[in-house]
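Everything on this sheet refers to the single structure shown next.
Values quoted throughout were computed directly from the atomic coordinates according to the rules given, and no laboratory measurement underlies them. Source: prediction; values computed, not measured. Cβ placement follows ideal geometry from the backbone for every residue including glycine, while neighbour counts extend to all protein chains displayed.
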Amino acid sequence: MSQNIFQKLVTLVKGGATQAGEAIIDANAITIFEQEIKDGQSNLDKAKKDLTLVMAKSMEAGRKISSLNEDIARHEGYVEKALNKNDESLALEIAGKITEFEADLQIQQGAKDQYDTHIKRLKSQIKDTQQGLDKMTRELTMVKTTESVQKASQAISSNYASSGSKALSAKESLNRIKARQQETEDRLVAGEALRTEFEGESLEDKLRANGIIEDNSGASSVLDRIKAKQNQSK
Amino acid sequence: MFDINIVRKLLAKYDGDQGSSFDVQEIPGETPTFSVVVDDREELPIYISSTDEEVLCICHLFDEDEVKSESLAEMNKAMLSMNLPMPLSSFGLIGSQYVVFGAMSARSDIDELAHELATLSGNSIDAIEALSDYLK
């Protein structure tokens with residue numbers, strides 16, 4: 001988890017382990033990574049369970065605290081009433097009861113504070129674990145994608161190596177392709193030249209070019225005709 | 001996921017704007033792979049394979065042993081510089097094979113694939129021409 005996927009790849013490239021036909025990321029590493037994510041998830045589940053437990057305890061302590069506060073307030077009322085009746089010893093006895101409540105209150109408050117601190121810690125722990133898990137899951141997706149890309153490119157490479165393509169060097173390939181392109185172009189040019197030579201210009205074309213045949217079907221001749229008509233009617 | 005069988009059918013009868021022709025051959029194996037010859041350039045076939053995320057198109061340029069050994073470092077640097085201006089494709093290395101490749105989203109359509117293949121094929125020729133001084 002300390003290295004990201006690209007660091008792992010670079011490390012492997014440096015180590016010369018990326019010959020075609022060799023997996024970049026071994027299946028074992030993926031299994032370990034998946035196990036780490038699984039462990040992280042079960043830690044997370046446990047932390048969440050702990051959190052609900054501690055939150056329940058904190059709520060319980062909170063309830064006890066408010067009930068103790070009520071008891072104290074009620075007994076303070078009793079003390080006042082006893083004092084009003086000038087029963088000092090009863091007042092003192094009730095005051096003694098109040099100190100018991102207060103001692104209990106202090107204990108409960110201490111416990112609640114501890115639970116609350118624990119809750120805060122658990123919550124931030126859960127958040128961190130969740131973020132870590134998300135990151136690992138993203139990384140695993142990347143690793144798996146890399147692996148399938150690797151497999152795809154290997155399938156291509158092994159086929160390429162076994163095909164005849166490799167017999168030609170890049171320069172030879174280029175020359176052959178260019179020669180063929182040139183040939184196609186030459187053929188097109190030659191075909192065009194032959195076509196004009198064989199078919200030749202038609203007699204009509206020649207006559208038209210010499211002005212022997214007048215071109216009277218064009219737009220300009222139509223326009224001339226209409227103009228002539230207009231002049232006649234004036 | 002890009003269904004490579006559909007791609008094969010579509011490319012086989014594809015008649016695109018650029019007028020490129022595609023001759024598609026299936027390559028048997030565990031991972032579905034196709035070789036495509038663009039415009040009769042059979043010397044530089046393009047191989048297509050796909051993962052869940054992307055369609056990978058690869059054209060093999062040359063082996064490292066075709067490179068003049070004293071030029072290797074300089075050529076690698078030149079290729080890195082050419083990567084950015086090269087349309088759609090990038091250089092890569094598979095083992096000792098220099099390749100030019102394009103990776104597309106698996107959700108790309110057939111026109112985009114045809115355009116990718118035509119561009120990649122053109123790039124492969126341009127690249128070999130540009131790098132030929134480094135080659136033996």
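So here's what we get for this one:
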| item | result |
| --- | --- |
| Amide H contacts under 5 Å for A:I213, placed H, 5+ residues apart | A:R208 |
| Table column - 3J(HN,Hα) (Hz), the range A:105-117, Karplus curve with 6.51, -1.76, 1.60, x for Gly and Pro | 4, 4, 4, 4, 5, x, 5, 4, 4, 5, 4, 5, 4 |
| Sequence of A:R195, A:R63 once ranked by neighbouring C-beta atoms within 10 Å, starting from the fewest | A:R195, A:R63 |
| Placed amide H near B:T51: partners under 5 Å, 5+ positions off or other chain | B:L56 |
| Violating pairs (Cα-Cα greater than 25 angstrom) within the set A:K151/B:K77; A:K178/B:K68; A:K64/A:K120; A:K178/B:K9; A:K151/A:K178 | A:K151/B:K77; A:K178/B:K9; A:K151/A:K178 |
| Order of A:S233, B:S90, A:S221 under a 10 Å beta carbon neighbour criterion, fewest first | A:S233, A:S221, B:S90 |
| Convex hull projection area averaged over all views, the range B:4-134, Cα basis, nm² | 8.2 nm² |
| FRET efficiency for A:E60 and A:K81, using Cβ-Cβ distance with R0 set to 22 Å, rounded to 0.05 | 0.10 |
| Modelled FRET efficiency - R0 35 Å, A:T184 with B:I110, Cβ distances, 0.05 increments | 0.85 |
| Shielding by partners, peptide B:125-133 (average Cβ within 10 angstrom, other chains) | 3 |
| Placed amide H near B:L61: partners under 5 Å, 5+ positions off or other chain | B:Y98, B:V99, B:V100 |
| Residue order, fewest to most surrounding Cβ atoms within 10 angstrom, among A:E80, B:E66 | A:E80, B:E66 |
